[in-house]
Each structure stands twice: as C-alpha cells, then as structure tokens.
Amino acid sequence: MRISTSMLNESAVNAIMQDELALSKTQNELSTGLSINSPADNPVGEVQLLQLDAQNSQYQQYVTNGQAANTNLTLEQNALTSSTTTLQSIRDLVVQANSGSNNAADLQDIATQISALETQLMGNANSQNAQGDYLFAGFSTGTQPFVRGSSGSVTYVGDSGVSTVPLNGGTSVQTGDAGSSVFMNIPQGNGTFVTAAGAGNTGNGVIDTGSVEDAAAWNTAAGTTPPGPPYTISFTDATDYQVTDASGNTVTSGTYDPTNGGQISFDGIEVGITGAPAAGDTFTVSPAGRQSVFDTLDNVVSALDNAGSTSADSAQLSTKLASALQNIDQALQQVSTVTSKVGARISMISSVNDTLSTATTAVQTQISNLSSLDYAAATSQYSQQYVALQAAEQSYASIDQLSLFKYL
C-alpha cells in the first residue's frame, strides 16, 4: 500500500487532536472536581448518578415538608398552651364566683374579667402563621375561623378538613387541626348527662353535676323511646321528691335527706342535692349534648351579670356555675388531648428527619464516590498527557520539515 505525504500528515494531525481532547477532558475534570461531566464519560455511572440525584432530591423535599409542618405544629402547640392557661384562669374565676361570698358588684367584676379572657381565648383560636394562614381554619386557611355574629354568639366558619404532607415514602403527618375539633363540639356536663335547676324554683336547693354508677343501665334507659331522659326531679314538699321520665312515669321516689348529701339514684346514675328545696321546685337530668367553649363562657358571663340577690337566685347561680365548671373541665380536656397529639406529631417529624438525615448522607456519599475526582491521579495523568502532546507536536513539526528537496 502506498502511503502518501498527505496521509501521514492527516494521521499525525488526528493523533494530536485526540491528545488535545484527552488533555482537555482531564483539564475539565480538574476544573469541576468531577470524574463524570457528561454521559460519554461513564454511561453506566451517569445513570446511577441520575437515580441517586433523584433520590437525594426526594429526601430533601421530605425534609422541607417536615420543617414546614414542624413550624406550623409548633405555632399550634403554642396557641394551645396559651389557651390552656387562659381556660385555667377562667376556671379559677368561676370557682371564685361560686364561693358564695360575692356581692353583685363582685360578680359583675368577675364577669368582666372572664369576658376579657374569652376574647384572649378567641385570639388564640384565630392564630396565624407567618404567611397569614389561620392555624385552626381547616382547608379555609385564608378565612378567620371564629367570628362573633350579629346574634352575639361565636361561630366557626372554617371547615373540618386537615392537611397532611409526606415525610417519607410511607409516612405522612397532619399539619394542623380544625378549630371545630378543638374549641367546638365539646361534651357537656360529665359527658353523659347534664343537670339543671328549674327556672321557677323558690327554694335554695342546688343540684350537683352527678356521676354515672352503671353505664349499661343508663344506656338502656337513654335508648328507650319513650320513656327515658330527660328526667325531672320534683319536690312535692320540702323533703319528699319523685323522679319522672320523659313520659311522666314515676321512676323512683323518696325522702330528701341533706345530712347524707341528698343522693338520688336511678337508671344507673346518681345526683346529689344540697340546700333546702321548696315544694314545687324541680331539677332536670338530660343527656349531655355538645357545645363550644365560647357558648359556655358566654353563659357564665350572662349568669354573673344577671345574678339576683335572693337565696333562690344564689342557688340557681350556684347550679349554673357548677355545670359551667364541668364544661370548662371538658374544654380543658379536649384542648389537652389535641395538644398531646400535636406533640406526638412534632416528635414523629424529628424522628423521621433523623432517619432522613442518615439516608441523605449515605446517598451523598454514593454520589461522591461515583463522581468525585481523584485529584492525585488526574494531576499525574494531566502531566503525562501534556508532555505527550508536546512531544507529538514537536515530532510532527520536525517531520513536516523533512523533504528530499533539501538534499538536492
């Protein structure tokens, strides 16, 4: 085969160009600190890097989700803690009001204090985060959830939805609680039934909040339609009473004995009456419903503002305040339950994020092992390639000068 001068030149130039490309590649690796800068460098390694990068990005998103949820939940926890403190202060005032040592002015002063604390509680219920979203509005984060309407009562205008975000592939966390599950729909009384004194009572008898002695017996009676609750305890005279069901049937009767606490038992429950009921006085026992904490406090304020001065009025007030105390205790229990759940979510986020941190470190180590450059080896290779390129260029230059015409 005949090899021409042009072929020799072309071959030499191509070799030099290949050396230059290799040198440029090594120089680029030294510049970026990466051994893989394009798929051509390492196709298999590039695929692995893409997979690891996607996994790392997902982990970072999970961490971001957890941080955002933790911020919201911490704000909610603070609002709930403040609400608990406020409710405790209100409870102390109600106990003070029910001590029997207050005049009308004292009771109105206590009512004013409770009203101010209720406003503070409403502020907690309308807490917002840094973005202006309401914490207890459910999905309606842009709407103030608790408003006092034209009727004077506080209503909830948020919704019952709750947002969740994923913390990892199989775990999600609830980022808040709807206000309806915190401040509304609170069980009344002891959670089973509520007691009340008749509005027309003339004696100073006071009924307590009662207790459940046999839940099965109460449930059987309450499930009967009719008879069953509500029950009415009627005094035919100062010492004799009878208990009738919703149909007017006599459930039990007896003689009132204040020396043993005036306990009256029927259909699995027991209530106590103190003081001196008058003939014709009545007391009722009804199944417990649900109401908002704001309705409870509004009722307390109204009762204190309108308290009368007679012994019968005092008995009425005492019964209402005793019932209100139990309702406040139910509200405290409900807020406490939600607070515990929020704390558990915060703990879960911390635990999951610790696991994510470990997993992220492992993935980043794999990425580094795949893509990080061995500087010592690359520097040595660069020197060798540079020397080889210079030698090739010098050789080509020398050979290119050779010609028979120089010797003729």
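The values are calculated or read from the model by the stated rules, or taken from the named source; none is laboratory data. A quick note: this is a predicted structure, and the numbers were derived from the prediction, not measured. In this analysis, Cβ positions are derived from the backbone assuming ideal geometry, glycine residues included, and neighbour counts consider all displayed protein chains.
Would you call residue 277 touching a helix residue (DSSP H, G or I) at 6+ places or on another chain (Cβ under 8 Å), surrounded by 15 or more Cβ atoms within 10 Å (Cβ to Cβ) and not assigned by TED's automatic domain parsing to the domain that holds residue 326?
On the way: touching a helix residue (DSSP H, G or I) at 6+ places or on another chain (Cβ under 8 Å): no; surrounded by 15 or more Cβ atoms within 10 Å (Cβ to Cβ): yes; not assigned by TED's automatic domain parsing to the domain that holds residue 326: yes.
Considered against the rule, which asks whether it is touching a helix residue (DSSP H, G or I) at 6+ places or on another chain (Cβ under 8 Å), surrounded by 15 or more Cβ atoms within 10 Å (Cβ to Cβ) and not assigned by TED's automatic domain parsing to the domain that holds residue 326, residue 277 comes out as no.
Within region 221-235, restricting attention to residues that are in contact with a Ser or Thr (Cβ under 9 Å, 6 or more places away or on another chain) and among the β-branched types (Val, Ile, Thr), which residue is surrounded by the most Cβ atoms within 10 Å (Cβ to Cβ)?
This residue is 233.
Restricting to region 221-244, name every residue that is in a helix (DSSP H, G or I) and without any contact (Cβ under 8 Å) to a residue 24 or more places away in the chain.
Listed by number, the list is empty, since nothing qualifies.
So, in region 56-89, exactly how many residues are among the hydroxyl-bearing types (Ser, Thr, Tyr) and free of Cβ contacts under 8 Å to residues at least 12 places away in the same chain?
Total satisfying the criteria: 3.
Can you tell me which of 65, 78 is under 28 Å from residue 363 (Cβ atoms) and either outside the structural domain of residue 129 (by TED's automatic domain parsing) or at pLDDT 75 or above (or both)?
After ruling out the rest, the residue left standing is 65.
Tell me the residue from 265, 247 that is surrounded by fewer than 18 Cβ atoms within 10 Å (Cβ to Cβ), touching a residue at least 40 places away in the same chain (Cβ under 8 Å), of a type in the set (S, T, N, Q) and outside the structural domain of residue 88 (by TED's automatic domain parsing), please. Quick ask: steps written out before the conclusion?
Numbers: 247 fails: touching a residue at least 40 places away in the same chain (Cβ under 8 Å).
Step by step, each of 265, 247 is checked, and only 265 is surrounded by fewer than 18 Cβ atoms within 10 Å (Cβ to Cβ), touching a residue at least 40 places away in the same chain (Cβ under 8 Å), of a type in the set (S, T, N, Q) and outside the structural domain of residue 88 (by TED's automatic domain parsing).
Checking the condition exposed (fewer than 13 other Cβ atoms within 10 Å of the Cβ) and out of contact with any strand residue (DSSP E or B) (no Cβ under 8 Å at 6 or more places or on another chain), which residue from 103, 98 passes? Can you show your working first?
On the way: 98 fails: exposed (fewer than 13 other Cβ atoms within 10 Å of the Cβ).
The match here is 103.
I need a count of the residues in region 91-129 that are in contact (Cβ under 8 Å) with a residue 24 or more places away in the chain and not in a helix (DSSP H, G or I).
Taking region 91-129 and keeping what is in contact (Cβ under 8 Å) with a residue 24 or more places away in the chain, we get 91, 93-95, 97-98, 100, 104, 107-108, 110-111, 114-115, 117-118, 120-122, 124-125, 127, 129.
After this cut, where a residue has to be not in a helix (DSSP H, G or I) as well, the list is 98, 100, 127, 129.
So the answer is 4.
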